[in-house]
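The values are calculated or read from the model by the stated rules, or taken from the named source; none is laboratory data. Quick caveat, the model's predicted, so the values are computed rather than measured. Here Cβ is always computed from backbone atoms with ideal geometry, including for glycine, and neighbour counts include all displayed protein chains.
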Amino acid sequence: MVGGAFMLCGLVLLGCAVTQLGATAADLARAQDQAAPGATTFAGECAKCHGQRGEGLAGAPALLGPGALPEYPRSAGSSGNSTFIDAQQLQIEMQSRPAGAAWRDSFRNAQDLYSFTSTHMPKLHAGELKQGDYWAVVNFLLAAQGASLPAGGIGPANASSIPIPRR
């Protein structure tokens with residue numbers, strides 16, 4: 001009887017455990033080793049909105065970890081919590097997309113990710129980073145997601161051939 005109670009308590013505690021959002025420490029270490037310039041740019045430009053582990057904050061979606069960088073955009077509240085909606089971002093997206101079009105183009109490969117980030121990010125200063133900084137961030141994001149980066153990294157010559165890792 002007592003053993004059953006302990007087992008039940010253990011299962012309840014296990015069920016209540018919180019899953020860490022975003023990248024793990026190992027994911028971040030691997031990405032830092034493979035793409036240090038991107039890690040620096042991410043920390044300075046992206047983490048303010050997307051979190052230090054890329055977990056997504058308020059109206060900013062998760063960029064790292066399970067479910068991050070989905071092929072197609074999530075519905076409103078992309079941080080995983082539908083109560084967080086960035087009205088300004090929704091308005092910009094609604095005004096800039098043709099009727100019936102997806103909220104953003106698909107993320108199938110590194111080129112798709114680069115095209116989006118270099119055009120729309122950082123949110124309040126879109127397109128203001130150097131081209132090399134955008135490529136560095138793409139390298140960092142994909143390395144943190146588990147991609148094996150080619151020698152010399154991801155750039156315009158090979159980005160279309162490097163798929164977004166799905167976790």
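The table below lists the values:
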quantity	calculated
Residues that are hydrophobic (A, V, I, L, M, F, W, C), modelled with pLDDT under 95 and within 23 Å of ARG30 (Cα to Cα), drawn from the range 96-146	PHE107
Count of residues meeting criterion [assigned to a loop (DSSP other than H, G, I, E, B), touching a residue at least 40 places away in the same chain (Cβ under 8 Å) and either crowded, with 23+ Cβ neighbours inside 10 Å or not aliphatic (A, V, I, L, M) (or both)] in the range 119-147	3
Any pair with Cβ under 6 angstrom, 6 or more apart, that starts in the range 47-71 at a residue that is under 17 Å from ALA147 (Cα atoms) and ends at one that is among the β-branched types (Val, Ile, Thr) and part of a loop (DSSP other than H, G, I, E, B)	LEU69/ILE164
Elements of type helices (runs of 4 or more DSSP H) in the range 2-85, at least 2 residues being at pLDDT 90 or above and touching a helix residue (DSSP H, G or I) at 6+ places or on another chain (Cβ under 6 Å)	25-34, 36-41
